[in-house]
Amino acid sequence: MREPTLLCVPSVAKSTDQMAADMRLARSNGADLVEIRLDHLQSFDPQRDLRFLLKDPPLPTLVTYRPKWEGGEYEGDDEPRFEALCLAMELGADYVDVELKVADKFFASISNKKPEKCKIIVSSHNYQFTPSLEDLGNLVARIQATGADIVKIATTAVDISDVARMFQIIVHCQVPIIGLVMKERGLICRLLCSKFGGYLTFGTLESGKESAPGQPSISDLLNVYNIRQIGPDTKVFGIIGKPVGHSKGPILHNAAFRSVGFNAVYVPLLVDNLADFFNVYSSPDFAGFSCTIPHKEAALKICDEVDPIAKSIGAVNTIIRRPSDGKLIGYNTDYVGAISAIEDGIKVSSHNAVKDGTGSPLAGKLFVVIGAGGAGKALAYGAKQKGAKVVIANRTVDRARELARWVGGDALSLSELENFHPEEGMILANTTSIGMHPKVDESPIPKQALRFYSVVFDAVYNPRMTKLLLEAEESGAVVVSGLEMFIRQAMRQFELFTGLPAPEQLMREIMTKNA
C-alpha cells in the first residue's frame, strides 16, 4: 500500500524573507511540504540563509539548488552547490534534490554523511519531449542505481498521450517515484498522480510562482480537484477540447461529484487527435467525457454507438464508456440545454404566448443560427424539431448551405446577416466562439442589426454577458446566456456520468458564483 501523494509548494522567491512568508502561507493553504529553490535567491549566503530558512520551518522542507543546464537559475560550479545541499541536510532538511547527471559525484562528495531523516531525490528533466516507455524504464533504473531514496522524472508533453507512459512508469515502479509531465498537455499527470501512486505533486501558491511549466495552484488541487480524495479506484471524467483551459466544467462537475459522494474526478483534457486519445486511454477508469470545440463532429465517428438524436444532429458532446463492455456511447446534451433555455426566453419575451398548439413557443418563429459546427447543428436540429423556420449564417457560406439543406432551412454568409430582417421578433442563436474570453470585445453581428430580434442567445458563457448579449439587451431583446445552456447540458451529462439525479441547485449556485 503506497502512502498518500504529498502536496509540495515550490517557493521561487528572490529573498529569504519572502521564502519564509511562502512557507507559512503554504502551510495555511494545506501543503504537506515546501520546496526551497535556492537558485532563485538574488543573493545567497549558505550559512546565513539556510540557518534562517531551516530553523523551525512550519512544514517539512525540500531543498533544491537547480543549475541552468537542468532548467534552474544557478550558473556556477557544482562544488559550492553540493556544499550548500550538504549543509541543508545537516541543518535538518527533510529532502534534497540533485540531478542525475551529477548524482554519482554528489554521493561521492557526501560519503556516508547523510543524516537518517533526510531523503535524497535524484531527478531527471526533459524539457523537449517524453521518451518511450522503454527509455523511461531504463531511466528509472539508472536513477535507482545512484542510491537515490526517491526517483524523480519530469518530461514534457508534446501530446496528451505522452502522459499515459508516465502513468505506467509510476504504477509499476518499486521505489518511491515523482513522475511529472510538464506543460498544459501534461496537466492530468499532476492532477491524477495520487490515483496512480506518485510520491508527490507540486502546487503553486498563485499564478506566476510556478517552478516548472504547467503547475496548477495548490488551491485548485485541493478545492477544485479534491486531490486528497483521489485514489486507485477513482473514476476519471473530463472535458476534451482545444482549447480547454477556459472550461468551468472541472469546477462544476467536481463539486457535484463531491456533493453526492461519487468517487470521481473531472479534469481538463487538451486533445489534438481524438482517435489517438481514445486508443491510448482505453482503460475503464477513464469513464466519461464532455466534448467541446473542435471535436464534436469527430466524436461521432469514434463512438461505437450513438444516441439517435446525436446521430441526427451529427455531433456528440458527451461520451460514456459503457462499463459492461467498454464501448464508447455518444450523446448530445447541448440540444436539450440550449433549446429549453431559448424556449424559456421566448416565454418571457412574449408573455407566455404559445402558437399553433404545439406546446413550443419556437413553432413558426424565424430562428437564425450563427455557426455551422457541432453546436450550430444541435441548435438548428432542435429548432426545426420544435417547428421553427431555420436560417444558418456562417463565415464559410458553403458550410451554412450544407447545414441548411440538412434541416430544410436557408443559408446566408455572416456578412449578409447585417441586412437580413424579413420579419420582426426573430430569434438569434450564436454558436461560434466569437466574443469568448479573452476576445471579449468581439461580436458576430453589428448592434444595429439586433433590433429585429426578440430573443438573443449566445452559447459563449465566459464571459456571462458577452458583447453580443449586452448590445442585444440594449436593443430591447430578451437575452439568454450560454451559462443557462451550460448548466442544463451539464446536468444531463452528470446524470449520464453517474446514473444519479443532478444536484441542480448546487450546480446553479456554483456557475453563478464562477461566471
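The values are calculated or read from the model by the stated rules, or taken from the named source; none is laboratory data. What you are looking at is a predicted structure, and each value in this text was computed from that prediction instead of being measured. No Cβ is skipped: glycine too gets one built from the backbone with ideal geometry, and neighbour counts run over all protein chains shown. We work out accessible area using only protein heavy atoms, side chains counted, and drop any ligands, DNA or RNA first. Shrake-Rupley method; radii C 1.70, N 1.55, O 1.52, S 1.80 Å.
Overview of results
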| quantity | calculated |
| --- | --- |
| Matching residues in the stretch 462-486 - criterion: being modelled with pLDDT of 95 or more, open to solvent by less than 20 Å² (accessible area, probe 1.4 Å), in contact with a Gly (Cβ under 8 Å, 6 or more places away or on another chain) and part of a helix (DSSP H, G or I) | Leu468 |
| Residue tally, condition part of a loop (DSSP other than H, G, I, E, B), of a type outside the set (Ser, Thr, Tyr) and surrounded by 18 or more Cβ atoms within 10 Å (Cβ to Cβ), over the stretch 315-333 | 4 |
| Failed condition for Asp441, given (1) open to solvent by 10 Å² or more (accessible area, probe 1.4 Å); (2) in contact (Cβ under 8 Å) with a residue 40 or more places away in the chain; (3) under 28 Å from Ser247 (Cβ atoms) | (2) |
| The lone exception for Asp32 - which of (1) farther than 23 Å from Ser194 by Cα; (2) open to solvent by 40 Å² or more (accessible area, probe 1.4 Å); (3) under 28 Å from the mean Cα position of the chain (by Cα) it fails | (1) |
| Condition met for Asn126 (surrounded by fewer than 20 Cβ atoms within 10 Å (Cβ to Cβ) and either basic (Lys, Arg) or out of contact with any strand residue (DSSP E or B) (no Cβ under 8 Å at 6 or more places or on another chain) (or both)) | no |
| Long-range neighbours under 6 Å by Cβ, at least six apart or interchain, first residue over 24 Å from Asn29 (Cα atoms) within the stretch 218-245, second part of a loop (DSSP other than H, G, I, E, B) and open to solvent by less than 30 Å² (accessible area, probe 1.4 Å) | Ile239/Ser247; Ile240/Val271; Ile240/His295 |
| Output for the stretch 461-515, where each listed residue is closer than 27 Å to Phe257 by Cβ, touching a Leu at 6+ places or on another chain (Cβ under 7 Å) and not hydroxyl-bearing (Ser, Thr, Tyr) | Arg464, Ala490, Met507, Ile510, Met511, Ala515 |
| Pro232 being under 24 Å from Val9 (Cα atoms), modelled with pLDDT under 95 and open to solvent by 20 Å² or more (accessible area, probe 1.4 Å) | no |
| Test: residue in the stretch 425-434 that is over 34 Å from the mean Cα position of the chain (by Cα) and crowded, with 16+ Cβ neighbours inside 10 Å | yes |
| Tally, over the stretch 402-416, of residues that are assigned to a helix (DSSP H, G or I) and of a type outside the set (A, V, I, L, M) | 5 |
| Unmet requirement for Pro60, which otherwise passes all of (1) within 21 Å of Cys8 (Cβ to Cβ); (2) open to solvent by less than 20 Å² (accessible area, probe 1.4 Å) | (2) |
| Single residue of Arg142, Arg190 found to be surrounded by 20 or more Cβ atoms within 10 Å (Cβ to Cβ), in contact (Cβ under 8 Å) with a residue 24 or more places away in the chain and under 20 Å from Gly71 (Cβ atoms) | Arg190 |
| Number of positions in the stretch 291-308 that are in contact with a helix residue (DSSP H, G or I) (Cβ under 6 Å, 6 or more places away or on another chain) and either touching a residue at least 40 places away in the same chain (Cβ under 8 Å) or closer than 17 Å to Gly337 by Cβ (or both) | 4 |
| Selected residue [loosely packed, with under 14 Cβ neighbours inside 10 Å, in contact (Cβ under 8 Å) with a residue 12 or more places away in the chain and touching a Leu at 6+ places or on another chain (Cβ under 7 Å)] from Arg51, Arg27 | Arg51 |
| Selected residue [of a type in the set (D, E, K, R), more than 28 Å from Gln42 (Cβ to Cβ) and surrounded by fewer than 22 Cβ atoms within 10 Å (Cβ to Cβ)] from Asp78, Asp94, Asp104 | Asp104 |
| Unique residue being open to solvent by less than 10 Å² (accessible area, probe 1.4 Å) and either closer than 25 Å to Tyr381 by Cβ or acidic (Asp, Glu) (or both) when the list is Ala502, Ala490 | Ala490 |
| Neighbours by Cβ (under 8 Å, 6+ apart or cross-chain): first from the stretch 110-137, over 17 Å from Asp97 (Cβ atoms) and of a type in the set (S, T, N, Q); second open to solvent by 40 Å² or more (accessible area, probe 1.4 Å) and part of a loop (DSSP other than H, G, I, E, B) | Thr130/Val158 |
| Selection within the stretch 47-90 - over 20 Å from Pro115 (Cβ atoms) and of a type in the set (Phe, Trp, Tyr) | Trp69, Tyr74 |
| Residue that is nearest to Lys389 (Cα to Cα) [pool: residues in the stretch 417-461 that are part of a loop (DSSP other than H, G, I, E, B) and hydroxyl-bearing (Ser, Thr, Tyr)] | Thr431 |
